[in-house]
Amino acid sequence: MSGSTAYQILAPDHGPVAEVINPGGQAPLCLVCEHASAVIPASLGTLELAPEHRHAHAVWDIGAEALARELSTRLDAPLVLATVSRLVYDLNRPPEAPDAMPHQSGEIPVPGNRDLSEVEKTARTVQVYDRFHQTLSDVLDGFQTPPTLVTIHSFAPVWHGTPRSTQLGLLHDADASLAEAMLNAADDTLVTRLNEPYSASDGVTHTLARHATARSLTNVMIEVRNDLLSEGSDVDRIAAYLTHLLNTALAPKAATA
């Protein structure tokens, strides 16, 4: 194997690493869900995960895909969904980040990611990371006016044994305007906080920085505690609330457009 294409990650029938939902959506808004999938390509086996960890939060953002799809419908916005697990490549991390292909995620070991060769790392970067972000860039290029970029994530209710009281986190990169406007529009429906349980200092705003900050787009990263997304009715309730927050926060921008 002498190049990034010699080591094939995805089978021909897998499809693209980025699925575009509702590409004709009319809202001036683009949704992204980088951790939507628990799929590990057959070429990588199970990454030697213990069976009880195969669908843990370390593998994907539980409930995030369903929430993102519901938001796409309610907002009539295009949505870019990842189709492989973040353990194959964390699409919200740059290639140089040590946790782009983690051998440990929280308390869960990922033996199949230990001691990756440069060929293996390059193959994942080129075939997963580069293709996903190129698709997202192409979707953003297709808007007639600069869109708002919204990334959808979920987080575990307990981290390293400590319960998290935050239910909804609103994170931002360089531009805090939308996150702050959504926080101001929030009521007591959910315990909502700015830049919790993570912030840009944790390295979690790569997608925002690469696509929104670089293009001067209004943006926000939404984090929902995953125990609030267990059932379809829960997803509908959270999606309705987030739709309200986004529409309220973006209304002044729409009025001046």
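The values are calculated or read from the model by the stated rules, or taken from the named source; none is laboratory data. Quick caveat, the model's predicted, so the values are computed rather than measured. No Cβ is skipped: glycine too gets one built from the backbone with ideal geometry, and neighbour counts run over all protein chains shown. Surface accessibility is based on the protein's heavy atoms, side chains included, excluding ligands, DNA and RNA. Shrake-Rupley method; radii C 1.70, N 1.55, O 1.52, S 1.80 Å.
Before moving on, here are some points about what is shown:
- Taking (1) touching a residue at least 24 places away in the same chain (Cβ under 8 Å); (2) outside any loop (DSSP other than H, G, I, E, B) in turn, Asp138 satisfies each apart from (1).
- Listed by position, the strands (runs of 3 or more DSSP E) enclosed by the stretch 11-128 that each have at least 2 residues that are buried (at least 20 other Cβ atoms within 10 Å of the Cβ) and touching a residue at least 40 places away in the same chain (Cβ under 8 Å) are 29-33, 79-82.
- Candidate set from the stretch 1-10 (those that are among the polar types (S, T, N, Q) and open to solvent by 70 Å² or more (accessible area, probe 1.4 Å)); member that is modelled with the lowest pLDDT: Ser2
- Under the condition of being small (Gly, Ala, Ser), in contact with a Ser or Thr (Cβ under 9 Å, 6 or more places away or on another chain), part of a helix (DSSP H, G or I) and surrounded by fewer than 18 Cβ atoms within 10 Å (Cβ to Cβ), the residues counted in the stretch 179-220 number 1.
- The stretch 230-246: number of residues that are touching a residue at least 60 places away in the same chain (Cβ under 8 Å) and either open to solvent by 70 Å² or more (accessible area, probe 1.4 Å) or not in a helix (DSSP H, G or I) (or both): 1
- In the set (1) of a type in the set (Gly, Ala, Ser); (2) more than 23 Å from His55 (Cβ to Cβ); (3) in contact (Cβ under 8 Å) with a residue 12 or more places away in the chain, Ala156 fails one condition alone, (2).
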